[in-house]
Amino acid sequence: MNLTPLLLTLKVSIISTALVFILGLLLVEAASRLALRTRNVVRLIATLPLALPPTVLGYYLLVVFARGTVIDKVFKALFGTSLIFTWPAAVVASMIAAFPLFFMTAMPAFEGIDKSLINAAKTLGKTNWQIFRQVKLPLAWRGIASGTLLAFARALGEFGITLMIAGNIPGKTQTAPLAIYDFVVSGNRSAANSLAAILALAGFIFLFLGIWLSQRRRYKFQR
Amino acid sequence: MIKVDIQKVFPKFKLQAKFTADCKMIVIFGPSGAGKSLTLQALAGLIKPDAGRIRVGDQTFFDSETGLNQPPRQRRIGYVLQEYALFPHLTVAENIAFGLKGLTRWAKRSKVDEMLKLMRLQGLEDIYPAKISGGQKQRTALARALIIEPKALLLDEPFSALDSAVREKLRLDLSQIKQQYDIPIIMVTHNLEEAYQLAEQMVIIDEGRVLQSGKSSDIFYHPINRTVARFVGAKNIFTGYVFKITNGDTVIDTGGFKTTIGTRSELSVGDKVGFCIRPEDVMVIRPDKVLGFGVKKNLFPGRIVGTSHRGDSCLLQFKLEKSVSNRDFDFTIKLPAHAYQRLELHKYPTVTVSLKKQAIHVFGADTTADNRPLTAVKGTGSGNDSRPRTVDRR
């Protein structure tokens, strides 16, 4: 069995999930300081990819990153290459697909932190960064961890956006879900079966862990 | 020295807190929703006033003119929130140590130990807040606030969540803290008894405004208007006009009864006035008692129409014989339980009450609070607010 698509999927998913984790935490922390109305606008934008068809998202990204656009030029200046039809494009695709899941799980965890704890920490001399590290993270880590797992599960299976902006170039941008598609089209049922089974199992495990974490309400110290 | 003069407009509320205090125990007293907690939050820097100035000691925390607004972390104000706000993920000792910085582990440990001892929390250091009692939570919160050696200590309704035995202990703890730390303590409460017991200075606040500020005994016996009178439990509050002045004695007609209030040079015939007398200052006289010479003014016959026992005291409702009010009673009288038992008032169909001239406190009748509709006047939360409704509002 050719392991390249599987390894690429793993690489893309790990990198995209790591980036979603960092950017997501920054956004959640920033949004948690906003008034509810503004926060809901952020929530809407951050979770919009869930409601849009992947092909539509992919198409827009294609338009934005197409060769010769301003963004393409900036990207080229920064990284020396265009984004479209490279494996980092698959990372961007997975990030966009996975971000809403992280946000939807981590945001309520932050919103659930009693405001008076934050106020108490402020009067005890803590900076916002210290409050984030010493109060918010420990109290919201379950939501954050759960969101990360869900994001990873989603990134593993990303198909539509990836196809649009990274293409389906075997050995270069062909991730496991795209490889399955090719196997099915070319009639290679056994290869499709084994790859599909691996993805299904991985997705199931990460989703299960994510849901299990988010549903366990009681903390050790609250029992 | 604490100087507060701030304004902040909220969508449905306007805070205009202004008071100066130069003592160690200041109690901000008022009904729920009066703006007490907001005032504390402004002091701590958790909300930013629209305009004004806040000074604590020799330091200015906020000044809208110079644009100064120190963030809460730089103010060093110990703030014990209403529900204590202990960090659930930290143990008692970790909670207490939370605000310490720049110390070695050993120095932290010894400071925390000292606090544990002071606040009687030894043995609980490794326990999470969810597992300790209300009183222990409060002492943990106090220890956490005090360990940073604050310039002032703010307490938001410190007694409200505790049962009476624990309240008594907290009172002792607070007086110990008062002795040990040379800092002003500002406490918010809507409980009159606690306010009076603890306050060196009281600040009466209602609907975002400070109505009166001063020594608690002054406020108790000399409220500046009927709202304050009602808040401090004067109970018997009336309005009337100056009927006549003879031999230096001013007589006020409330429409229901006429009463002498002694010499008041500032009043002249026809002036509208408000006055109050505290329920413990109304004397009950049995009909068989021979009155001494000179006790003949301000005597009113009537009936006791209601009695409610309060353990150590007894509240009587008294209806004037010639009552013109459509209320059930005209006066509220408070007697110590032993005096009530000795008087055996139930044996007498009619009794007489006497209003001591010295105990009658007069304030101007036309205060803003006076012109508010009754429905908008909030109670003090005691549930026993017997404000006169008709006698005084004719």
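The values are calculated or read from the model by the stated rules, or taken from the named source; none is laboratory data. This structure is a prediction, so every number in the text was calculated from the model and none was measured. No Cβ is skipped: glycine too gets one built from the backbone with ideal geometry, and neighbour counts run over all protein chains shown.
In the stretch B:84-103, how many residues are more than 10 Å from chain A (Cβ to nearest Cβ), closer than 11 Å to B:R144 by Cα and outside any helix (DSSP H, G or I)?
Adding up the residues that qualify gives 0.
Which one is surrounded by the fewest Cβ atoms within 10 Å (Cβ to Cβ), of the residues in the stretch B:182-201 that are over 22 Å from B:P150 (Cβ atoms) and either of a type in the set (S, T, N, Q) or modelled with pLDDT of 95 or more (or both)?
The extreme case among them is B:Q197.
Just one of the numbered conditions (1) surrounded by fewer than 15 Cβ atoms within 10 Å (Cβ to Cβ); (2) modelled with pLDDT of 90 or more is not true of B:T350; which one?
(2)
For the stretch B:69-76, indicate whether the set of residues that are touching a residue at least 60 places away in the same chain (Cβ under 8 Å), outside any helix (DSSP H, G or I), within 12 Å of another protein chain (Cβ to nearest Cβ) and charged (D, E, K, R) is non-empty.
Yes, the stretch B:69-76 contains a residue that is touching a residue at least 60 places away in the same chain (Cβ under 8 Å), outside any helix (DSSP H, G or I), within 12 Å of another protein chain (Cβ to nearest Cβ) and charged (D, E, K, R).
Using beta carbons and a limit of 7 Å, which pairs, at least six apart or on different chains, have the first residue in the stretch B:339-353 and free of Cβ contacts under 8 Å to residues at least 60 places away in the same chain and the second one in a strand (DSSP E or B) and of a type in the set (V, I, T)?
If the second residue must be in a strand (DSSP E or B) and of a type in the set (V, I, T), the pairs left are B:L343/B:V284.
For B:L40, all conditions in the list (1) among the hydrophobic types (A, V, I, L, M, F, W, C); (2) surrounded by fewer than 23 Cβ atoms within 10 Å (Cβ to Cβ); (3) within 14 Å of chain A (Cβ to nearest Cβ) hold save one; what is the number of the exception?
All conditions are met except number (2).
Condition test on B:I224, is it of a type in the set (V, I, T) and within 29 Å of the chain's Cα centre (by Cα)?
yes
Can A:A140 be described as away from chain B (no Cβ under 14 Å) and part of a helix (DSSP H, G or I)?
Working: away from chain B (no Cβ under 14 Å): no; part of a helix (DSSP H, G or I): yes.
For A:A140, the condition - away from chain B (no Cβ under 14 Å) and part of a helix (DSSP H, G or I) - is not met.
Taking the stretch B:82-121, which residues are under 31 Å from the mean Cα position of the chain (by Cα) and of a type in the set (V, I, T)?
Matches in the stretch B:82-121: B:I96 only.
Look at B:K108 and say whether it is without any contact (Cβ under 8 Å) to a residue 12 or more places away in the chain, in contact with a Leu (Cβ under 7 Å, 6 or more places away or on another chain) and charged (D, E, K, R).
yes
Only one of these is under 15 Å from B:K357 (Cα atoms) and of a type in the set (K, R): B:K297, B:K289, B:K244. Name it.
The conditions single out B:K297.
Starting from the stretch B:40-59, take each residue that is part of a strand (DSSP E or B) and list its partners that are crowded, with 22+ Cβ neighbours inside 10 Å and among the aromatic types (F, W, Y), counting only C-beta distances under 9 angstrom and pairs at least six apart or across chains.
That search, which allows pairs on different chains as well, returns B:G52/B:F62; B:R53/B:F61; B:R53/B:F62; B:I54/B:F61; B:I54/B:F62; B:R55/B:F61; B:R55/B:F62.
Out of all the residues in the stretch B:225-238, is one or more aromatic (F, W, Y), touching a residue at least 60 places away in the same chain (Cβ under 8 Å) and out of contact with any Leu (no Cβ under 8 Å at 6 or more places or on another chain)? Give the steps one after another, and end with the answer.
Step one: filter the stretch B:225-238 for residues aromatic (F, W, Y), giving B:231, B:238.
After this cut, where a residue has to be touching a residue at least 60 places away in the same chain (Cβ under 8 Å) as well, the list is B:231, B:238.
Narrowing further to those that are out of contact with any Leu (no Cβ under 8 Å at 6 or more places or on another chain): B:238.
The answer is yes; a qualifying residue exists.
What number of residues within the stretch A:97-134 satisfy the criterion of being in a helix (DSSP H, G or I), within 12 Å of chain B (Cβ to nearest Cβ), more than 18 Å from A:L34 (Cβ to Cβ) and among the β-branched types (V, I, T)?
Qualifying residue count for the region: 1.
Taking the options B:A145, B:A229, B:A161, name whichever one is modelled with pLDDT of 90 or more, within 28 Å of A:A121 (Cα to Cα) and either of a type outside the set (S, T, Y) or surrounded by 17 or more Cβ atoms within 10 Å (Cβ to Cβ) (or both).
Going through B:A145, B:A229, B:A161 in turn, just one is modelled with pLDDT of 90 or more, within 28 Å of A:A121 (Cα to Cα) and either of a type outside the set (S, T, Y) or surrounded by 17 or more Cβ atoms within 10 Å (Cβ to Cβ) (or both): B:A145.
If you check B:V27 against the conditions, is it part of a strand (DSSP E or B) and within 16 Å of B:A152 (Cβ to Cβ)?
Numbers: part of a strand (DSSP E or B): yes; within 16 Å of B:A152 (Cβ to Cβ): yes.
The answer is yes for B:V27.
Given the structure, is A:T173 at pLDDT 90 or above and in a loop (DSSP other than H, G, I, E, B)?
Here the answer is yes, as A:T173 does meet what is asked.
Does A:G171 fit the bill of being more than 10 Å from chain B (Cβ to nearest Cβ) and either over 19 Å from A:V20 (Cβ atoms) or surrounded by fewer than 18 Cβ atoms within 10 Å (Cβ to Cβ) (or both)?
For A:G171, the condition - more than 10 Å from chain B (Cβ to nearest Cβ) and either over 19 Å from A:V20 (Cβ atoms) or surrounded by fewer than 18 Cβ atoms within 10 Å (Cβ to Cβ) (or both) - is met.
Pairs under 6 Å by beta carbon, first residue outside the structural domain of B:L345 (by TED's automatic domain parsing) in the stretch B:307-328, partner surrounded by 15 or more Cβ atoms within 10 Å (Cβ to Cβ), six or more apart or different chains?
Note: no pairs meet the criteria.
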